[in-house]
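Participant: Structure below; questions to follow.
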Amino acid sequence: MTDENQDGEENMVDKGDSLAAEDKTISAEREPMVRKEDLRVKRVKTKIYIPDIECDSCAKLIRKKVANIEGVIRHDIHADSVDMTYDENMIKAEDLVMAIEDLGFRAAVRPFERLSFRERWKSFQENPQKYAMITQTIGQGAMVFMLLIALQALAYFGFLNTIPGFFDHYAWWLLYIDISVASIGATILYISSYKGTVTCMTGMMIGMTVGMQAGMMIGAVVGATNGFFTGAMVGMTVAVIAGTITGAVCGIMGALQGMMTGVMAGTMGAMITVMMFTDRVLIFMPYYITLNVLVLFGLIYLFYEEVVEGKKDVTKRSLDFNTFASACVIITAVLTAIMIYGPKSQLFA
């Protein structure tokens with residue numbers, strides 16, 4: 001082998017060593033870059049409290065939402081919260097809260113505290129403006145109640161007093177029909193005065209409660225003056241309409257719940273007074289009506305706490321007293337006419 005060939009081979013070896021050294025240098029430079037990319041993922045774990053998770057459908061809805069949010073690494077849904085692991089460089093906790101709120105759920109990084117009745121009363125005394133819609137609704141319900149009594153008094157002195165024994169037979173039941181229509185109407189008025197997202201469970205509770213109390217109250221009153229058939233028919237009709245309208249705030253599930261409850265409550269209400277007609281029914285009715293009114297007031301409280309308070313997407317509508325009063329007058333007039341002139345069972349003829 002000549003000296004030139006040896007020199008060439010040595011140069012090739014040197015170049016090979018140089019290229020290998022360059023490759024190592026490049027690899028050494030690239031490795032830290034990969035590690036820097038990893039370091040850019042700032043993993044943060046936080047708990048978001050969601051008190052409105054009420055069923056598997058709610059959990060599935062939230063799971064589908066957060067799974068499609070860029071930057072979320074892991075999520076674990078629990079009974080009233082979700083544990084979120086996410087890249088804080090891509091998304092913040094506030095963004096996750098807003099995404100869940102967009103679904104209609106209350107969400108926060110701190111636990112929601114439900115006020116006790118004593119705390120709520122203190123809050124009402126300190127900040128009555130916060131509860132202005134509730135007090136306004138109660139006031140308008142009371143005004144409608146007085147209006148109904150005044151109109152019926154005018155009707156009595158105008159022509160109803162010509163009916164033999166009218167006052168003794170109908171006076172108490174007309175009072176109870178006025179209370180029923182005014183309280184049920186005020187509840188529906190308050191619920192319809194807000195527009196926002198209502199969870200299925202809350203909507204079903206609303207439809208069920210309104211349908212139940214409407215049927216139990218109206219059915220019982222008409223049943224006491226006309227008997228089971230007319231009382232059940234009227235009670236069911238009013239309760240199904242009221243339950244369906246109010247339950248529809250969350251869609252078809254709430255509407256169906258209100259409708260089914262109305263069917264059951266209308267017959268039950270009429271059955272109660274028919275069965276108790278000869279057993280101190282006049283002593284029973286004040287207590288019965290009072291409890292039903294308290295249930296309706298409790299529903300207003302529930303609606304405020306579950307749907308209104310702390311919700312950013314809720315919009316307030318103005319209360320139209322004239323429409324509310326007119327509807328109550330028309331409904332009461334129809335019910336009064338049915339009570340007086342409608343078909344009666346032999347026991348009540």
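Computed from the coordinates by the stated procedures, all read-outs in this text should not be read as laboratory data. Nothing here was measured: the structure is a model prediction, and the numbers come from that model. Note that each Cβ is placed from the backbone with ideal geometry, even for glycine, and that neighbours are counted across all protein chains shown.
Participant: Nearest 10 degrees is fine. How inclined is helix 321-341 to the longest principal axis of the chain, computing both from alpha carbons?
Facilitator: Between helix and principal axis, roughly 50 degrees.
Participant: If Lys and Arg each add +1 and Asp and Glu each add -1, what is the summed charge of the other residues whose beta carbon sits under 15 Å from the beta carbon of Cys55?
Facilitator: -2
Participant: So for Met271, Met98, Met208, fewest C-beta neighbours within 10 Å to most, what's the order?
Facilitator: Met98, Met271, Met208
Participant: Hey, what number do you get for the chain at 222 nm if only DSSP H runs of n ≥ 4 count, each worth -39500 (n - 2.57), divided across all residues, to the nearest 500?
Facilitator: Estimated from H runs of four or more residues: -24000 deg cm²/dmol.
Participant: Something else: Name the residue, out of Val334, Val109, Val181, whose mean-square fluctuation peaks in a Gaussian network model built on the chain with Cα pairs under 10 Å.
Facilitator: Largest GNM mean-square fluctuation: Val334.
Participant: Here's something else I'd like to know. Among Ala232, Ala186, Ala155, which one shows the biggest mean-square fluctuation in a GNM of the chain, springs joining Cα atoms closer than 10 Å?
Facilitator: Ala155
Participant: Would you please give the residues with an amide H less than 5 Å from that of Tyr194, counting only those at least 5 places away or on a separate chain, with H modeled from the backbone geometry?
Facilitator: For Tyr194, the qualifying residues are Arg317.
Participant: Once each part is reduced to its C-alpha centroid, what is the distance from region 211-253 to region 311-349 in angstrom?
Facilitator: About 11 Å separates the Cα centre of region 211-253 from the one of region 311-349.
Participant: Using only C-alpha positions, report the orientation-averaged shadow area of the convex hull of region 166-302, nm², one decimal.
Facilitator: The orientation-averaged projected area of the Cα hull of region 166-302 comes to 7.5 nm².
Participant: Please go through the residue pairs Lys122/Lys311; Lys65/Lys316; Lys130/Lys195; Lys122/Lys195; Lys92/Lys311; Lys45/Lys195 and name each one whose alpha carbons sit more than 23 Å apart in this structure.
Facilitator: With Cα atoms farther than 23 Å apart: Lys65/Lys316; Lys122/Lys195; Lys45/Lys195.
Participant: Compare Ala333, Ala242, Ala265 in a GNM of the chain, Cα atoms joined below 10 Å, and give the one with the largest fluctuation.
Facilitator: Among Ala333, Ala242, Ala265, the largest GNM mean-square fluctuation belongs to Ala333.
Participant: So how compact is the chain: Cα radius of gyration and Dmax in angstrom?
Facilitator: Just the Cα atoms of the chain yield Rg and Dmax of 34.0, 144 Å.
Participant: Moving to a separate point now. Output the 0 to 90 degree angle, nearest 10, between the alpha-carbon long axis of helix 166-192 and the longest principal axis computed from the alpha carbons of the chain.
Facilitator: Tilt of helix 166-192: around 10 degrees.
Participant: Here's another thing I want to ask about it. In whole Hz, what ³J(HN,Hα) sequence does region 78-90 give by Karplus (6.51, -1.76, 1.60; θ = phi - 60°), x for Gly and Pro?
Facilitator: These are the phi-based 3J(HN,Hα) values: 10, 4, 9, 6, 9, 8, 10, 10, 8, 8, 5, 6, 9 Hz.
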